[in-house]
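The values are calculated or read from the model by the stated rules, or taken from the named source; none is laboratory data. Note that the structure is a prediction, hence the values are computed from the model and not measured. All Cβ positions, even for glycine, are placed from backbone atoms using ideal geometry, and neighbour counts span all protein chains on display.
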Amino acid sequence: MSDWFAQHTGIASALGGFDMVMPSGITYWAPSLTEAVPNASVPESRITDMATRIMAAWFFTHQDNSDTPVAVGFTSKYLQPYRVVDARDSNDAGTLLQGAIEGHVLVENTNETLPLQNPQIMSVFGYDARPPDGNTPNIGNSG
(Lines give C-alpha, C1' and ligand atoms only; values in the text may rest on other atoms or scores of the structure.)
Protein backbone atom coordinates (compact mmCIF):
# COMPACT_ATOMS: atom_id res chain seq x y z
CA MET A 1 0.00 0.00 0.00
CA SER A 2 1.24 3.47 -0.76
CA ASP A 3 1.32 6.36 1.61
CA TRP A 4 -1.30 9.00 0.77
CA PHE A 5 -0.58 10.54 -2.65
CA ALA A 6 2.80 8.78 -2.82
CA GLN A 7 2.12 6.77 -5.97
CA HIS A 8 3.69 8.28 -9.10
CA THR A 9 3.47 5.41 -11.59
CA GLY A 10 0.74 3.24 -13.00
CA ILE A 11 1.49 -0.24 -14.27
CA ALA A 12 5.02 -0.18 -12.82
CA SER A 13 3.69 0.24 -9.28
CA ALA A 14 1.31 -2.70 -9.69
CA LEU A 15 4.11 -4.87 -11.05
CA GLY A 16 6.43 -3.56 -8.33
CA GLY A 17 4.23 -4.82 -5.52
CA PHE A 18 1.62 -2.16 -4.72
CA ASP A 19 -1.68 -3.79 -3.92
CA MET A 20 -3.62 -0.70 -2.90
CA VAL A 21 -3.17 3.01 -3.46
CA MET A 22 -4.25 5.58 -0.91
CA PRO A 23 -6.41 7.52 -0.86
CA SER A 24 -7.48 6.53 -4.38
CA GLY A 25 -6.08 4.88 -7.49
CA ILE A 26 -7.86 7.26 -9.84
CA THR A 27 -4.80 9.27 -10.90
CA TYR A 28 -2.52 6.47 -12.10
CA TRP A 29 -4.45 3.20 -11.97
CA ALA A 30 -7.99 3.98 -13.10
CA PRO A 31 -7.03 4.96 -16.63
CA SER A 32 -4.48 2.18 -17.09
CA LEU A 33 -4.95 -0.73 -14.70
CA THR A 34 -8.37 -1.61 -16.10
CA GLU A 35 -6.78 -2.12 -19.52
CA ALA A 36 -3.60 -3.74 -18.26
CA VAL A 37 -4.83 -7.33 -18.30
CA PRO A 38 -6.46 -7.27 -21.76
CA ASN A 39 -3.41 -5.62 -23.33
CA ALA A 40 -1.03 -7.99 -21.45
CA SER A 41 0.78 -5.23 -19.51
CA VAL A 42 -0.10 -6.93 -16.20
CA PRO A 43 -0.84 -10.65 -15.79
CA GLU A 44 -4.30 -11.47 -14.51
CA SER A 45 -2.60 -13.45 -11.72
CA ARG A 46 -1.10 -10.19 -10.40
CA ILE A 47 -4.52 -8.52 -10.21
CA THR A 48 -5.88 -11.61 -8.44
CA ASP A 49 -2.93 -11.48 -6.02
CA MET A 50 -3.59 -7.79 -5.31
CA ALA A 51 -7.26 -8.44 -4.57
CA THR A 52 -6.42 -11.49 -2.44
CA ARG A 53 -3.96 -9.53 -0.29
CA ILE A 54 -6.43 -6.67 0.23
CA MET A 55 -9.25 -9.02 1.15
CA ALA A 56 -6.99 -11.14 3.40
CA ALA A 57 -6.22 -8.05 5.47
CA TRP A 58 -9.93 -7.18 5.54
CA PHE A 59 -10.87 -10.60 6.90
CA PHE A 60 -7.83 -10.81 9.21
CA THR A 61 -8.99 -7.64 10.99
CA HIS A 62 -12.58 -8.94 11.09
CA GLN A 63 -13.92 -6.06 9.01
CA ASP A 64 -16.55 -8.47 7.69
CA ASN A 65 -18.08 -8.45 11.18
CA SER A 66 -20.49 -5.53 11.68
CA ASP A 67 -19.43 -5.37 15.36
CA THR A 68 -15.86 -4.48 14.38
CA PRO A 69 -15.35 -0.73 14.28
CA VAL A 70 -13.76 0.80 11.20
CA ALA A 71 -10.19 2.02 11.79
CA VAL A 72 -9.34 -0.60 14.39
CA GLY A 73 -6.33 0.49 16.36
CA PHE A 74 -7.21 4.17 16.52
CA THR A 75 -8.00 5.47 19.93
CA SER A 76 -11.44 7.03 20.26
CA LYS A 77 -9.61 10.14 21.50
CA TYR A 78 -7.40 10.55 18.44
CA LEU A 79 -8.27 14.25 18.07
CA GLN A 80 -7.20 15.06 21.62
CA PRO A 81 -3.63 16.01 22.59
CA TYR A 82 -1.24 13.10 22.91
CA ARG A 83 2.13 12.48 24.53
CA VAL A 84 4.99 13.34 22.20
CA VAL A 85 7.49 10.53 21.63
CA ASP A 86 11.00 11.80 20.93
CA ALA A 87 13.56 9.42 19.42
CA ARG A 88 16.32 11.24 21.27
CA ASP A 89 14.75 10.67 24.70
CA SER A 90 15.84 7.38 26.31
CA ASN A 91 12.56 7.27 28.28
CA ASP A 92 10.76 6.67 24.98
CA ALA A 93 12.92 3.69 23.96
CA GLY A 94 10.22 1.07 24.61
CA THR A 95 7.63 2.90 22.54
CA LEU A 96 10.12 3.46 19.73
CA LEU A 97 11.23 -0.18 19.73
CA GLN A 98 7.63 -1.35 19.50
CA GLY A 99 6.97 1.11 16.67
CA ALA A 100 10.07 -0.08 14.83
CA ILE A 101 9.03 -3.72 15.21
CA GLU A 102 5.51 -3.02 13.96
CA GLY A 103 6.68 -0.74 11.16
CA HIS A 104 9.43 -2.86 9.64
CA VAL A 105 9.47 -3.23 5.89
CA LEU A 106 11.21 -6.17 4.29
CA VAL A 107 13.38 -5.13 1.35
CA GLU A 108 14.34 -7.67 -1.29
CA ASN A 109 17.98 -7.40 -2.31
CA THR A 110 17.44 -7.75 -6.05
CA ASN A 111 20.63 -8.03 -8.13
CA GLU A 112 22.75 -7.59 -4.98
CA THR A 113 21.92 -3.87 -4.90
CA LEU A 114 22.45 -3.67 -1.13
CA PRO A 115 24.45 -2.38 0.54
CA LEU A 116 24.50 0.81 -1.51
CA GLN A 117 28.05 1.44 -2.69
CA ASN A 118 28.17 5.11 -3.62
CA PRO A 119 24.77 6.71 -3.07
CA GLN A 120 24.51 10.22 -4.48
CA ILE A 121 21.60 11.12 -2.24
CA MET A 122 19.66 9.39 0.49
CA SER A 123 16.41 10.54 2.04
CA VAL A 124 15.22 9.58 5.50
CA PHE A 125 11.63 10.37 6.40
CA GLY A 126 9.80 10.60 9.70
CA TYR A 127 8.96 13.00 12.47
CA ASP A 128 12.39 12.69 14.05
CA ALA A 129 14.34 12.23 10.80
CA ARG A 130 17.09 14.80 10.59
CA PRO A 131 20.84 14.81 10.14
CA PRO A 132 22.97 14.76 13.28
CA ASP A 133 23.83 18.17 14.72
CA GLY A 134 26.77 19.71 12.92
CA ASN A 135 26.19 17.73 9.70
CA THR A 136 23.36 19.79 8.28
CA PRO A 137 24.17 20.92 4.73
CA ASN A 138 23.14 24.47 3.98
CA ILE A 139 21.03 23.78 0.90
CA GLY A 140 18.50 26.54 0.46
CA ASN A 141 17.99 26.92 4.20
CA SER A 142 17.76 30.40 5.60
CA GLY A 143 17.79 29.37 9.21
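If you filter segment 7-41 down to residues that are part of a loop (DSSP other than H, G, I, E, B) and free of Cβ contacts under 8 Å to residues at least 12 places away in the same chain, you find that the one that is surrounded by the most Cβ atoms within 10 Å (Cβ to Cβ) is Val37.
State yes or no: is Ile139 over 24 Å from the mean Cα position of the chain (by Cα), at pLDDT below 80, assigned to a loop (DSSP other than H, G, I, E, B) and among the hydrophobic types (A, V, I, L, M, F, W, C)? Here the answer is yes, as Ile139 does meet what is asked.
Evaluating Arg88 against the criteria (1) closer than 19 Å to Phe125 by Cβ; (2) of a type in the set (D, E, K, R); (3) surrounded by 11 or more Cβ atoms within 10 Å (Cβ to Cβ) leaves one unmet condition, (3). If you filter segment 115-136 down to residues that are surrounded by 10 or more Cβ atoms within 10 Å (Cβ to Cβ) and of a type outside the set (Val, Ile, Thr), you find that the one that is modelled with the lowest pLDDT is Asp128.
Would you pick out the residues in segment 88-114 that are part of a loop (DSSP other than H, G, I, E, B), modelled with pLDDT of 80 or more and either under 20 Å from Asp3 (Cα atoms) or of a type in the set (A, V, I, L, M) (or both)? Listed by number, the residues that qualify are Glu108, Leu114. If you go through segment 35-60 and keep only what is under 16 Å from Met1 (Cα atoms) and hydroxyl-bearing (Ser, Thr, Tyr), you end up with Thr48, Thr52.
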